[in-house]
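The values are calculated or read from the model by the stated rules, or taken from the named source; none is laboratory data. Because the structure is predicted, anything quoted here is derived from the model rather than measured. Positions of Cβ are generated from backbone atoms using ideal geometry, with glycine treated the same way; all protein chains shown enter the neighbour counts.
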Amino acid sequence: MADDWFDGAGSGGKCDVLALLDSPGTELLMQCIDHGALVSIGTTSDGGALGVTITVDGRWRREYFRDPETFQVWMTEAVPAVREACEARAASAVRGSRKRSARGL
């Protein structure tokens, strides 16, 4: 089958993951983890971008990056939102008593 328009997606180059993670954006990402967010990082199947997903209480947001500057800008916006969401979660947490069930019944 000949190549067609659908096969032309992406730049064809691999992103430099080490450069992306060796940037100020990574310190901001660590702050999100420190606040209590779940963070997932991986490359796209073609290696052309680094995907970052941040999850707090089932709400998540994912973005793809090819350069450290864009990553840092996104993370700068993410930290306050994550901090606020994690603080709201902690303030509303209700500790209740748990009933234990008898084994084998």
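Out of everything in segment 34-65 that is touching a helix residue (DSSP H, G or I) at 6+ places or on another chain (Cβ under 8 Å) and basic (Lys, Arg), what residue ends up being nearest to Asp22 (Cα to Cα)?
It comes out as Arg61.
Any residue in segment 34-61 that's farther than 28 Å from Gly13 by Cα and at pLDDT 95 or above: show its pairings with residues that are of a type in the set (A, V, I, L, M) and exposed (fewer than 14 other Cβ atoms within 10 Å of the Cβ) at Cβ separation under 7 Å, as long as the two are six or more apart or on different chains.
Listed pairs, sorted by first residue: Thr55/Leu38.
Would you mind stating whether Val73 is out of contact with any helix residue (DSSP H, G or I) (no Cβ under 6 Å at 6 or more places or on another chain), modelled with pLDDT of 90 or more, part of a helix (DSSP H, G or I) and within 18 Å of Ala19 (Cα to Cα)?
Considered against the rule, which asks whether it is out of contact with any helix residue (DSSP H, G or I) (no Cβ under 6 Å at 6 or more places or on another chain), modelled with pLDDT of 90 or more, part of a helix (DSSP H, G or I) and within 18 Å of Ala19 (Cα to Cα), Val73 comes out as yes.
Suppose the filter is loosely packed, with under 14 Cβ neighbours inside 10 Å and among the β-branched types (Val, Ile, Thr); does Thr55 pass it?
no
Give me the residue from segment 22-40 that is loosely packed, with under 14 Cβ neighbours inside 10 Å and assigned to a strand (DSSP E or B) and, out of that set, farthest from the chain's Cα centre (by Cα).
Leu38
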